[in-house]
Protein chains: 2
Amino acid sequence: MPKRRNAPRISDVARESGFSVATVSRALNPLTASAVSPEARRAVEAAAEVLGYRPNEAARSLRTNKSLIVGVVVPDIANPLFPRMVRGIDDVLDDANYSSLLANSGGDPAKADKAIDRLLQRGVDGLIIATANLEDRRPSVLFDSNVPVVLLNRRTYDTRVPSVTAAGSRGTTAALTQLVKDGHSNITVLAAPQHTSTGWERLRDIEGAAAKRLGRTLPVVKATAVSESAGYEAIRDLLESGDSVPTAIVAANDLLALGAIRAIRERNLRVPQDISVVGFNDMPFCDRLDPPLSTIGFDHYKMGAEAARMVMNMIAGDVKPKSVRIPTVWIPRASTAVCRDASSRV
Amino acid sequence: MPKRRNAPRISDVARESGFSVATVSRALNPLTASAVSPEARRAVEAAAEVLGYRPNEAARSLRTNKSLIVGVVVPDIANPLFPRMVRGIDDVLDDANYSSLLANSGGDPAKADKAIDRLLQRGVDGLIIATANLEDRRPSVLFDSNVPVVLLNRRTYDTRVPSVTAAGSRGTTAALTQLVKDGHSNITVLAAPQHTSTGWERLRDIEGAAAKRLGRTLPVVKATAVSESAGYEAIRDLLESGDSVPTAIVAANDLLALGAIRAIRERNLRVPQDISVVGFNDMPFCDRLDPPLSTIGFDHYKMGAEAARMVMNMIAGDVKPKSVRIPTVWIPRASTAVCRDASSRV
DNA sequence: ATGAAAGCGCTAACAC
DNA sequence: GTGTTAGCGCTTTCAT
């Protein structure tokens, strides 16, 4: 049961072409091919073609200390937010002849850490980490060790380490502007846990927008996780609490918003007629949901692609690329409407 | 700009522990650890711990001809069908200390082939291919070369190569039974292209179920691709053709079904009141769409996990694992209803 | 039970 | 412009 199908080695190509292994190596490497005579190059290429020669990456990797692989750590590839990012990453890496080694942390920081260890042991040339918590020190440690690393979607407190994140404030301000224009004043924020930059920044963005558009703060309900069920539970509790029912809910995340909608409907209230709901992320099929979800979106693919470009630059020697923010945009759909209270008042 | 942070090598551990590199190697490998004295083992483990030693995978890989990596080729990770499969794969591989190298083909057979080449060159120990077309020969060639390979979701004509696919007939029969019971007799099939096993089998399943439940064949409309827009175009053309409007459409795929729904609504017809629509796959959030999509589903995660288990077995020496079929189940939701014609007739 | 030493296939000095 | 050769860090005979 031979594993590697006695693949041709560089020495086979050398024999077949009549040149030495060194010349073969040079001829086949685009960066050094210029140091080889055209005739030698042709002979080598022909021989390689005939034999179906493919350099052994493990040997090359051992020798050069480069693996042409970038490690990608995500909480869960099955979370609809990530596949497009990963696709963006992959497309960019592909163009540079790189591949991506994927690891799921399942949302567990310890598992994320283990995944990073393993990726590093595998000799990845760089790391894209989408699992960072705000107080996470690992990215800083990696950065200080000169490991090419870029943070995706979430960042840490340490702004030195390069990141690609969504610039939520613009989209959020637009959303709140619309809500206010539509007569909503009883707006509740459905926040995500505050240990990630996304959860934290989103709450700050909403508060900032509220200060600007309403001149006051908004009541906040905090979900215990970023999931449909956490959103459901938070809003179910709110509606059961006897507090005044909001006319609009601005959620930190589409999944949270979906949970909120379920809780609202369970109380026999309607979206958007009774309560408007706004999400964040514009995850796939948001526009086909019932109701089509108004949300604050950004280009997931581009975010991933940008992160990949940044690691590639770091791998190429750019020690400190500057962090990138992906713009967000308000996408009004059918989960938001003019406030009933406001219109009846008119 | 040193890439590998002068990581400790096995010789460092040897010096630190006072044993030879051979003993260190044996002590650290679970399979050979028994051949080492307990004291040596303890000393080695302590030294490795102190130094933070991690074996260099490239070197190990070069020596052993194993990479602990499985290549995974999918058409597009951003297609909602795949993330859960990939998650299933990853979880199983993870348990065996394996990682997955992901490649997107973008639906292009030539790109899929290139991806396989690259994966092989990288020395993957096995391959999970989710991009196979029915007449695709590559998987057979790989199989014949003793490359551990398993086909995921789609298979080829060559039934020798192990595959994990959905067993559509049960779910499809249940769906058609319900449709017939609900009074539908004017049922049109929205088929996918027939060059993949999924497209081909789904059509056969539906035809088989129709023969069984209706004793006749059904009119078939073929989409030019497996996408929302292809489904839209096919049904738009059907509705514009002047042919009799079906009371139900059974699509080979959820995306196709979604496109069909869009086309139906564009003609100011309603789903399910005027036309019932059935999908296939039960992709994520199907239940939250407008309308919640009745579909034939199966366990995506399990399918991926099963494929991973099979490659692992093949890597371990099981030359010919038998193919697995994942059962499907009919999931009635709100895109199907009792046929209006039938009820008015009563 | 342990160690010495031979490579795995490749690249990069270094010589010519 | 080309060839010779020394390793990259590890596992695995083969001795002892």
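Below is a table of values for the structure above.
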read-out: Count of residues meeting criterion [of a type in the set (Lys, Arg), farther than 30 Å from residue B:144 by Cα and away from DNA strand D (no atom under 12 Å from the Cβ)] in the stretch A:5-49; value: 0
read-out: Positions within the stretch A:68-79 being assigned to a loop (DSSP other than H, G, I, E, B) and under 16 Å from residue A:99 (Cα atoms), in sequence order; value: A:68
read-out: In the stretch A:7-40, the residues that are of a type in the set (Lys, Arg) and surrounded by fewer than 19 Cβ atoms within 10 Å (Cβ to Cβ); value: A:9, A:15
read-out: Filtered residue count, the stretch A:37-68, keeping only those that are away from chain B (no Cβ under 13 Å) and in contact (Cβ under 8 Å) with a residue 24 or more places away in the chain; value: 6
read-out: Enumeration of residues in the stretch A:198-216 that are in contact (Cβ under 8 Å) with a residue 60 or more places away in the chain and either more than 23 Å from residue A:129 (Cβ to Cβ) or surrounded by 22 or more Cβ atoms within 10 Å (Cβ to Cβ) (or both); value: A:202
read-out: The listed residue being within 14 Å of chain B (Cβ to nearest Cβ) and over 30 Å from residue A:253 (Cβ atoms), out of A:28, A:81; value: A:28
read-out: Of all residues in the stretch A:52-90 being crowded, with 23+ Cβ neighbours inside 10 Å and charged (D, E, K, R), the one that is nearest to residue A:312 (Cα to Cα); value: A:90
read-out: Hey, residue A:149 within 23 Å of residue A:326 (Cα to Cα), in contact with a Phe, Trp or Tyr (Cβ under 7 Å, 6 or more places away or on another chain) and β-branched (Val, Ile, Thr) or not; value: yes
read-out: Filtered residues of the stretch B:94-132 (kept if at the interface with chain A (Cβ under 10 Å from one of its Cβ atoms), over 17 Å from residue B:147 (Cβ atoms) and part of a helix (DSSP H, G or I)); value: B:94, B:111
read-out: Selection from the stretch A:5-19 of residues that are more than 11 Å from DNA strand C (Cβ to nearest atom) and not in a loop (DSSP other than H, G, I, E, B); value: A:15, A:16, A:17
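Each row is one residue, and each column tells you yes or no for (1) under 11 Å from the mean Cα position of the chain (by Cα); (2) within 16 Å of DNA strand D (Cβ to nearest atom).
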site: B:59; (1), (2): no, yes
site: B:64; (1), (2): no, yes
site: B:72; (1), (2): yes, no
site: B:75; (1), (2): yes, no
site: B:79; (1), (2): yes, no
site: B:90; (1), (2): no, no
site: B:98; (1), (2): no, yes
site: B:105; (1), (2): no, no
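Here, each number is a calculation from the coordinates, and none is a lab measurement. From a predicted model like this one, the values you see are computed outputs, not experimental measurements. Every residue, glycine as well, gets a Cβ built from its backbone with ideal geometry; the counts of neighbours run over all protein chains shown.
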